[in-house]
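Contents: one structure, followed by commentary.
The values are calculated or read from the model by the stated rules, or taken from the named source; none is laboratory data. Everything numeric in this text was worked out from a predicted model, so none of it was measured. Neighbour counts are summed over all protein chains in view; Cβ atoms, including those assigned to glycine, are modelled from backbone coordinates with ideal geometry.
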Amino acid sequence: MPLIIGVTGGIGCGKSTVAQAFSALGIETLDADDLVHTISAPDGSAYPEIVALFGDAAVQPDGTLDRAFIRQQIFADPEMRSRLEAIVHPRVGEETALRIAQWRGPYGLWIVPLLLEKPGLREHADRILVVDCQEAQQIARVIASRGLHEDEIRAIMATQCSRDQRLSSADDILDNSGPPENLAAHVARLDRFYRTLANTRTG
């Protein structure tokens, strides 16, 4: 069984960018957000229940879910959030187990934004890697990449651990506050470390 590195970090810290850098080194990655999008696509297993929960207002003309509308609903109503999670999380968990079982490398990355917030998740990871940057950078990056307003970003951040909580829970920390060209060296260092750990565990 490969070493499972649970990757987390606040919105805008660059988890996906980090995952791409590891992938370039041949490391298998699994992003929980990607699984959510897969199962909630029009042909996905969770789609009918999500539409039933939020109604036709949650469906765009092309048949895809209006994720901005759903985001507004669940931030306004915690009960709706809980009901959505009850639909999505079990399916994501099943798909996660199936995909990780197919990993063949010495280790893999499991990217989960709420890895530390949701009970029972961190126990499935052998190590916790926190991708970190300053709060101001998080906000600026999300505004640039996703076009959200600052109040929307802060509402998302409020559902996540504080930066201090994440850092105190980390086994490893990747500082992603610098320019993009600095990332490769950080990833290469961690890659060597994780390969050594995996070899030690199986040796």
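Which one is farthest from Leu114 (Cα to Cα) among residues in the range 26-61 that are of a type in the set (A, V, I, L, M, F, W, C) and surrounded by fewer than 14 Cβ atoms within 10 Å (Cβ to Cβ)? So the residue we want is Ala57.
Among the residues of the range 66-85, is any surrounded by fewer than 19 Cβ atoms within 10 Å (Cβ to Cβ), in contact (Cβ under 8 Å) with a residue 60 or more places away in the chain and within 29 Å of His186 (Cβ to Cβ)? Within the range 66-85, not a single residue is surrounded by fewer than 19 Cβ atoms within 10 Å (Cβ to Cβ), in contact (Cβ under 8 Å) with a residue 60 or more places away in the chain and within 29 Å of His186 (Cβ to Cβ). Applying the set (1) under 27 Å from Met1 (Cα atoms); (2) among the β-branched types (Val, Ile, Thr); (3) surrounded by fewer than 16 Cβ atoms within 10 Å (Cβ to Cβ) to Val187 leaves exactly one unmet item: (3).
Against the test of being farther than 18 Å from Thr159 by Cβ and outside the structural domain of Arg195 (by TED's automatic domain parsing), the options Ala21, Ala46, Ala68 yield a single qualifying residue, Ala46.
The set of residues from the range 1-22 being surrounded by 14 or more Cβ atoms within 10 Å (Cβ to Cβ) and more than 12 Å from the chain's Cα centre (by Cα) comprises Pro2, Leu3, Ile4, Ile5, Ala21, Phe22.
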